Amino acid sequence: MSHSDDATPGHAPTARGYVMGYLAALVLTLIPFGAVYYDLMSQGAILLVIAITAVLQLGVHLRFFLHLDMSQEQRWNTISVLFSVFTMFVMVGGTLWLFYSLYARHMMIGY
Amino acid sequence: MASSPSYDLNRVRAAARADTEVNFGFWAYLMSDVVLFSMLFLAYVNLSQRFAGGPTPADIFSLHGVFLETMALLASSLTFGLAMVSLHQGRKNHIIGWLLATAVLGIYFLWHEVSEFVHIIHEGASFTRSGFLSAYFGLVGTHGAHVFFGLIWIATMVAQLAIKGLTPPIASRLARLSLFWHFLDLVWICVFSTVYLPGILAGGSS
């Protein structure tokens, strides 16, 4: 956190890196849209494809666009992302568990 | 290199580092936005089947429209990245050019989203119609509002670059704007994967 007055340039992003990230993200977008458009698999399989490509694309964006890694420059950003993801899982997972358990106990058919 | 002769390029590049205090502080704000959006996603997942006799996702979503929005936002991430490459090369006019390209793509995205909202509301399905629509407008509207403020920010930075040139404080602000803009694309991946594609899928085969 002590570089604000330095003249240390830091890691320079390259056009090549952004174009590679863009192409990877493009492929990972076309796959789920294509799966829904052509509708060739079962609904469960398509949902799985959507989920997997979404997670992969999030990784591509974090790596190529937001430049997250464990280098000196990015370390604290990466650690705060990991903490946020942990917090998110506790809140989202915990709440979903609670609600579905509640629906099950109230036997709300059709949910 | 010639467009910013009065500033040392190393100081400009140092100001754009991720580990300056202001840039890490802005990152911490984005992490709080992660919490905000995860709660909105949670509300959507919980309410996504509560139609109250109103329209279902398949009635109001268009795969074609979402695809165009997604392509525009993804391309805008690339153009913003190229603006940051130009920043590290000290080319002020290139930065302005890429920022304007990003703004055009962002405006296209937002225009598409607003006309989608207007279309849905005209069919009598505003956010008061059902739990599903409340959660939908809450989530997608919050993302759209972020894009709107991002566009205002881009316009501000283009004006500051044009008037003041590529100074270290402006490079520092551009670094934060780039985090903000890429973050919005990240959230959009979650939006089309959680809201649009599963919604259209459920309508298509039933």
Test of understanding: express the Cα radius of gyration of segment A:5-111 as a ratio to 2.2 N^0.38 Å, with N the residue count.
1.51
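Grab the eigenvalues of the alpha-carbon gyration tensor for segment B:93-206, scale each by 5, take roots, and send me the semi-axes largest first in whole angstrom.
So the equivalent ellipsoid measures 34, 14, 12 Å along its semi-axes.
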What does the charge count around A:TRP76 come to, taking other residues whose C-beta lies under 14 Å from its C-beta (Lys +1, Arg +1, Asp -1, Glu -1)?
-2
For residues of B:73-83, the mean tally of beta carbons on other chains within 10 Å
5
Quick calc: nm separation of the 7 Å Cα→Cβ label points for B:ILE163 and A:ILE31 -> 4.7
Whole number please: convex hull volume per residue of the Cα set in segment A:1-67, in Å³?
82
Fully extended contour minus Cα-Cα distance, from B:SER62 to B:TYR29, at 0.36 nm per residue
8.6 nm
Using a simple charge model, +1 on the beta-carbon of Lys and Arg, -1 on the beta-carbon of Asp and Glu, nothing else, what dipole does the protein assembly as shown show about its Cα centre, in debye to the nearest 20?
340
If you line up the long axis of helix B:131-164 against the longest principal axis of chain B, both from Cα atoms, how many degrees apart are they, to the nearest 10?
20
Other protein chain Cβ atoms within 10 Å, averaged over every residue that makes up A:8-17
6
Under a Cβ-Cβ cut-off of 12 Å, what is the net charge of the residues other than B:VAL147 that fall near it, where Lys and Arg count +1 and Asp and Glu count -1?
-3
Using Cα pairs under 8 angstrom and six or more residues apart, how large is the relative contact order of chain A, in percent?
22
Quick calc: nm separation of the 7 Å Cα→Cβ label points for A:PHE99 and B:ARG11 -> 5.2
Springs between alpha-carbon pairs under 10 angstrom, Gaussian network model over chain A: which of A:LEU28, A:LEU98, A:LEU68 fluctuates most?
A:LEU98
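Would you compute, from DSSP H runs of 4+ residues alone, the mean residue ellipticity of chain A at 222 nm, taking -39500 (n - 2.57) per run and dividing by the full residue count, rounded to the nearest 500?
After summing the helix terms and dividing by residue count, I get -20500 deg cm²/dmol.
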Hey, could you pull the Cα Rg and Dmax for the protein assembly as shown, both in Å?
20.9, 71
Using only Cα atoms and rounding to the nearest 10 degrees, what angle (0 to 90) does helix A:15-38 make with the longest principal axis of chain A?
10
Please find, in a Gaussian network model of chain B (springs between Cα atoms separated by less than 10 Å), the residue of B:LEU74, B:LEU105, B:LEU42 whose mean-square fluctuation is greatest.
B:LEU42
Using the Karplus equation 6.51 cos²θ - 1.76 cosθ + 1.60 (θ = phi - 60°), what ³J(HN,Hα) coupling, rounded to whole Hz, does each residue of segment B:118-125 give in order, writing x for Gly and Pro?
4, 4, 5, 5, 5, 7, x, 10
I want to verify a result. In a Gaussian network model of chain B, Cα cutoff 10 Å, which of these has the top mean-square fluctuation: B:ASN23, B:ASN93, B:ASN46?
B:ASN46
Using alpha carbons only, how many angstrom separate the centre of segment A:52-111 from the centre of segment B:165-179?
29
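Read-outs throughout are calculated quantities, based only on the coordinates presented, and are distinct from any laboratory measurement. The shown structure was predicted, so the numbers you read here are calculated from the model rather than taken from an experiment. Methodologically, a virtual Cβ is constructed for each residue, glycine included, from the backbone with ideal geometry; neighbour enumeration extends over all protein chains shown.
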